[in-house]
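First comes the structure, then the notes that go with it.
Nothing in this text is a laboratory measurement; each read-out follows from the coordinates by a stated rule. Remember, it's a predicted structure, so these values are computed and weren't measured experimentally. With ideal geometry, Cβ positions are generated from the backbone for all residues, glycine too; neighbour counts draw on all protein chains shown.
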Amino acid sequence: LSEHASNLGLEDIIRKALMGSSEERQE
Amino acid sequence: NRMHLVCPMSVSPYVDPCKSSHEIWEEFSMSFTPAVREVVEFAKKIPGFRDLSQHDQVSLLKAGTFEVLVVRFASLFDVKDRTVTFLSGKKYSVEALRSMGAGELLNSMFEFSEKLSALQLSEEEMSLFTAVVLVSADRSGIENVNSVEALQENLIRALRSLIMKNHSNEAATFTKLLLKLPDLRSLNNMHSEELLAFKVH
């Protein structure tokens, strides 16, 4: 399941939301 | 041979045949991203979640986001009217979605939504149950199982005392609620298979 999530771009969305990256804040 | 995207996290089940599969996926991704961000914001507010390692926070969210969304959006599946409300707010009947290729997962989602709403949980109980769903020590890739397990046990204890306080048939309600966890796993597996089939297609 985790592997699927990575493929779906979910991990990227999760990481950005967790870290509150500067990219996320700009959005 | 037109393609459909029978997921309520999409704006509409109808896919523009002129668009490339990449464009379709990008659009779909844009529509479900806000909901995923909400799940992350919810997780951040679970007491103790931020104390877990960053790796385990990501692993729990990767594995559990779908299940959290199923609980949060159970009301989109109207058991009485046999309709599903999509992100646009438009409702589609089960028959229409079936003709678009929806199968066993759709039936199982209705079944789950019906059982969950029958428990008549308060907002607070639903929120705590959602936290229990997310913080599961047996997800793959967890590096510190003991920490996740300890947090999960605290959450289950809190959920239990809340149910005991609010429901007359508390033991049955709590048991039924815990039995929703394997149901959610099963829905998660079915959904992963469908997503994979969609991507391959």
Rounded if a/c under 1.5, otherwise prolate or oblate - the stretch B:57-189, Cα gyration tensor axes: oblate
Cα-centred dipole magnitude for chain B, charges only on beta-carbon of K, R (+1) and D, E (-1), debye, nearest 20: 240 debye
Per-residue HN-Hα couplings for the stretch B:60-72 [Karplus 6.51, -1.76, 1.60; θ = phi - 60°; Hz; x = Gly/Pro]: 5, 5, 4, 7, x, 4, 4, 5, 5, 5, 4, 5, 5
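Can you tell me the dipole magnitude for the protein assembly as shown around its Cα centre, using point charges on the Cβ only (Lys, Arg +1; Asp, Glu -1), in Debye to the nearest 20? Intermediate values should be presented prior to the final figure.
Details: 25 positive and 32 negative charges, 83 e Å.
The calculation lands at about 400 debye.
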Expressed as a whole number of Å, what is the distance separating the alpha-carbon centroids of the stretch B:37-80 and the stretch B:119-183? 13 Å
When the Karplus curve 6.51 cos²θ - 1.76 cosθ + 1.60 is applied with θ = phi - 60°, which whole-Hz ³J(HN,Hα) does each residue of the stretch B:35-46 get, with x for Gly and Pro? 5, 5, 4, 5, 5, 5, 5, 4, 4, 4, 8, 6
Report the number of Lys pairs in chain B whose alpha-carbons are under 24 Å apart, with separation of 8 or more residues or on distinct chains. 22
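Based on Cβ point charges of +1 for Lys and Arg and -1 for Asp and Glu, what charge dipole magnitude is obtained for the stretch B:123-163 about its Cα centre, in debye rounded to the nearest 20?
Values: 3 positive and 7 negative charges, 16 e Å.
About 80 debye.
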